[in-house]
Amino acid sequence: MAEAPKIELFIKASDDGEGVGNCPFCQRLFMILWLKGVNFTLTTVDMKRAPEVLKDLAPGSQPPFLIHNGEVRTDTNKIEEFLEDTLAPPQYPKMCCRYKESNGAGDDIFHKFSAYIKNSNPGLNDMLEKKFLKSLMKLDQYLLTPLPCELDQNPDSSVSTRDYLDGNSLSLADCNLLPKLHIVKVVCRKYRGFEIPAELSGLTRYLQKAYEREEFRHTCPKDKEILLAYHSVAKYLYKQEK
């Protein structure tokens, strides 16, 4: 058997410098390594203290970055590709999507969320909320639509029963989307009193299944970390809401 790789993942630290900070890219790679089942070392980087590790290992970079057998990698997308190619079957699970549509599912949500949450003009809120909700509905519809493999099993199926974007296993696409959806939930609840509608049954099921998984639940930053990160960009519509 080949010698196990030496992997160290550096992620953004929480405000107190000890826990996990708010960074969906960091959580994405944290989840991938956990799901791959490989042994790795996790190091939180306190950005306020400008640690020497950044100057020495990845000058000019922000977490996340990865050291694999002594080689530093700093681009999140390239790290993901590298891990999928390197930590491959039969020793490690394959995590890329079977269906290309799964990779793009929900890809417009974070953009619509940002416009919605950064708006301070009450007159624009309804329009921005509708656009944001439409993006959630689009994802919900994808999650409710049977995948080809489900139709192969049951040609008469009209509603998908799968757990995640691409099937019943968490994929690279889930590791990209779920950290963003968690941020969306926390920030929208705080600044708009907005909850993802229960009527979006596919999306509701998806999130319920995701939060049951420790690989997602235990890699999420605490709510206070997310709200701290959005304190300077998210806008209340009315002062009294503070």
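Relative to the Cα centre, the charge distribution of the chain, modelled as +1 at Lys and Arg Cβ and -1 at Asp and Glu Cβ, gives a dipole magnitude of about 980 debye. Per residue, the chain exposes 54 Å² of accessible surface when a 1.4 Å probe is rolled over the protein heavy atoms with every protein chain present. In terms of the mean number of neighbouring beta-carbon atoms within 10 Å, the peptides 62-68, 120-126 order highest first as 62-68, 120-126.
Magnitude of the charge dipole for segment 1-42, about its Cα centre and with charges confined to Cβ atoms of Lys, Arg (+1) and Asp, Glu (-1), is about 240 debye. Legend: distances between Cα atoms for Lys94/Lys134; Lys134/Lys190; Lys209/Lys235; Lys131/Lys185; pairs beyond 27 Å are Lys94/Lys134; Lys209/Lys235.
Taking the 1.4 Å solvent-accessible surface of the chain as the whole, the part contributed by carbon and sulfur is 50%.
When the charge dipole of the chain is built from unit charges on Cβ atoms (+1 for Lys and Arg, -1 for Asp and Glu) and taken about the Cα centre, the candidate among Ile183, Ser201, Phe132 whose Cα reaches farthest toward its positive end is Phe132. Solvent-accessible area of Arg189, all protein chains in place: 100 Å² (probe radius 1.4 Å, heavy atoms, ligands and nucleic acids excluded).
For Cys23, nonlocal amide neighbours, meaning residues 5 or more places apart or on other chains whose placed amide H falls under 5 Å from its own, do not occur. As a rough guide to protection, the peptides 32-39, 13-20 ranked by mean Cβ packing within 10 Å, highest first, stand as 32-39, 13-20. Relative contact order for the chain: 23 percent, from Cα pairs under 8 Å spaced at least 6 residues apart, divided by residue count. Considering only alpha-carbon pairs that sit under 8 angstrom and 6 or more positions apart, the relative contact order computed for segment 43-137 is 14 percent.
The values are calculated or read from the model by the stated rules, or taken from the named source; none is laboratory data. Source: prediction; values computed, not measured. All Cβ positions, even for glycine, are placed from backbone atoms using ideal geometry, and neighbour counts span all protein chains on display. Heavy atoms of the whole protein, side chains included, go into the accessibility calculation; ligands, DNA and RNA do not. Shrake-Rupley method; radii C 1.70, N 1.55, O 1.52, S 1.80 Å.
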